[in-house]
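Okay, structure first, notes after.
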Amino acid sequence: MESFYYDNQTLCCEGVKLSDIARQFDTPTFVYSQAQIEHNFRTLDAAFGNIPHVICYSLKANSNLSVGRILASLGAGADIVSGGELFKALKIGIDPQRIVYASVGKSPAEIEYALRAHILMFNVESRAELETINRIAADIGVVAPVALRVNPNIDAKTHPYITTGMTKYKFGIPVDEALDLYRLTRTLTNVAAKGIQMHIGSQLVSVNPIVQAATRIVELALQLQGEEMPLEYINIGGGLGIRYKDETPEGPEVLAEKIVPMIKETGCTLVMEPGRFIVGNAGALLTRVLYTKQNPAKKFVIVDAGMNDLIRPSLYDAYHPILNVAEVEETEQVDVVGPICESGDFFAHERELPRFASGDLMLIKCAGAYGFSMSSNYNARLRAAEVIVSGDTPRLARRRETYEDLVRGEEL
Ligand code: LLP
């Protein structure tokens with residue numbers, strides 16, 4: 001399925017011309033295809049259709065309420081990492097009994113908020129956190145459902161900034177310590193061990209590291225069940241990768257083929273926390289060329305979006321496909337840069353691209369995940385609008401910020 005495509009030399013999202021979106025909503029604007037979001041969710045859901053499973057959409061990838069609402073209506077739960085994401089998940093209308101909460105640094109206030117909301121489970125990342133949850137749960141007279149996030153020490157073979165499942169990183173509880181900690185939960189009156197979780201990284205193009213890690217986690221789950229600790233949930237991550245450039249990621253079907261038999265053996269419900277796979281290729285950043293300029297070294301195409309809108313190229317040297325909204329054949333090698341006062345403010349370096357002139361519209365693809373959600377007001381720039389297209393109808397999912405938004409909450 002391809003929701004961004006040329007029709008009569010003009011780029012469309014579903015049934016809407018991107019030039020019409022620019023006219024109606026201005027630029028820069030994130031554009032999301034509802035059909036693509038639904039397709040991605042359903043593909044994942046179907047792959048695990050023959051075992052009990054809960055898909056907890058990872059709100060950090062894109063926490064726009066309208067995007068979340070689309071997923072909630074398909075039955076998605078949420079993976080949250082902060083009180084803010086819990087607030088948004090509840091606003092979206094996600095059933096708290098489908099919300100799981102991960103983070104190495106949950107504050108006491110956030111823990112209490114989640115306990116009072118009766119979420120499905122905390123993914124606990126340390127002994128100290130487990131004891132804190134137990135104490136707060138006792139204070140308010142509830143029993144906290146927990147899973148331990150086990151760090152299986154497996155290299156996910158992805159970008160180091162988005163690898164998590166090795167002991168040199170801060171995440172989770174080393175696999176050899178997990179057993180003792182599970183035993184400890186028995187002595188804590190206000191926590192109940194419900195599950196086990198792992199997440200070894202993001203943008204995984206091969207499922208092998210997940211399968212390897214899952215093997216360790218399932219082994220542990222079986223051992224715990226042998227000690228009469230009946231876990232109900234096994235939460236398996238890393239996040240499946242998408243194609244940004246020329247990757248050929250293994251998809252959910254390949255993962256399911258290897259994982260489903262293991263999960264079945266435990267009798268547990270499978271939980272997953274996908275973000276990028278659901279929304280990554282469903283969104284793009286629509287921006288307008290302000291100027292072009294040639295210096296002795298190279299040619300620059302300067303656009304009205306910046307690293308404050310989409311930081312992935314600056315932060316990870318990430319590749320995002322770039323298209324001219326008007327299909328043109330002639331190409332040239334350019335740098336695509338934004339207006340921000342940093343040399344790191346770029347979307348492409350020395351890339352052969354269709355020719356762009358001042359006023360042209362550009363589409364930066366695969367920006368649905370970790371695009372808007374990582375955006376900022378750096379350089380006092382207004383955060384972009386977000387628009388969802390469904391069929392031939394675009395609708396505003398977040399209005400562009402105003403100058404007044406910039407100073408809200410500040411004192412003179
Ligand atoms: N669950 C946990 C515990 C995670 O740490 C993550 C991602 C996810 C779920 C969702 O992973 P996904 O399905 O999206 O791969 N900003 C980076 C990605 C950071 C991912 C952090 N954790 C990027 O732009 O590539």
Legend entry - Pairs of Cα atoms farther than 33 Å apart, region 35-278, %: 11
Legend entry - Among Thr248, Tyr6, Gly409 - extreme Cα towards positive end, dipole of the chain, charges at beta-carbon: Gly409
Inset, instruction - List the relative contact order of region 35-278 as a percent without decimals, with contacts defined as Cα pairs under 8 Å and 6+ residues apart. - result: 21
Legend entry - Cα convex hull of the chain, projected area averaged across orientations, nm²: 21.4
Inset, instruction - Assuming 0.692 mPa s and 37 °C, estimate D for region 305-412 with Stokes-Einstein, Rh taken as the Kirkwood radius over Cα pairs, in µm²/s. - result: 212
Inset, instruction - Can you bin region 1-108 into rounded, prolate or oblate? Criterion: square roots of the alpha carbon gyration tensor eigenvalues sorted a ≥ b ≥ c, rounded for a/c under 1.5, prolate for a/b above b/c, oblate for the rest. - result: oblate
Inset, instruction - Roll a 1.4 Å probe over the protein chains and send me the accessible area per residue for region 35-278 in Å². - result: 39
Legend entry - Alpha carbon centroid spacing (whole Å) that separates region 46-60 from region 317-341: 35
Legend entry - Stokes-Einstein D for region 220-308, Kirkwood Rh over Cα pairs, 20 °C, 1.002 mPa s (µm²/s): 122
Legend entry - Theoretical gain in end-to-end length, Met1 to Glu219 [0.36 nm per residue, Cα-Cα removed]: 74.7 nm
Legend entry - Per-residue [θ]222 nm for the chain (sum of -39500 (n - 2.57) over DSSP H runs n ≥ 4, rounded to 500): -9000 deg cm²/dmol
Legend entry - Rg ratio (alpha-carbon, reference 2.2 N^0.38 Å) - region 365-412: 1.40
Inset, instruction - Under a cut-off of 15 Å between alpha-carbon atoms, report the aspartates and glutamates in cross-link reach of Lys91, not counting same-chain residues fewer than 8 places apart. - result: Asp79
Inset, instruction - Give me the orientation-averaged projected area of the Cα convex hull of region 79-145, in nm², one decimal. - result: 3.8
Legend entry - Rg/Rg_globular for region 166-288, with Rg_globular taken as 2.2 N^0.38 Å and Rg from C-alpha atoms: 1.22
Legend entry - Cα-Cα over 24 Å, subset of Lys106/Lys170; Lys157/Lys245; Lys299/Lys365; Lys170/Lys245; Lys170/Lys365: Lys170/Lys245; Lys170/Lys365
Inset, instruction - State, to one decimal in nm, how far the label point of Glu265 lies from the label point of Leu412, with both points 7 Å from Cα in the Cβ direction. - result: 6.9
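The values are calculated or read from the model by the stated rules, or taken from the named source; none is laboratory data. As the structure is a prediction and not an experimental result, all values here were calculated from the model. So basically every Cβ, Gly included, is an ideal-geometry build from the backbone, and we count neighbours across all protein chains shown. These accessible areas exclude ligands, DNA and RNA; they are computed on the full protein's heavy atoms, side chains included. Shrake-Rupley method; radii C 1.70, N 1.55, O 1.52, S 1.80 Å.
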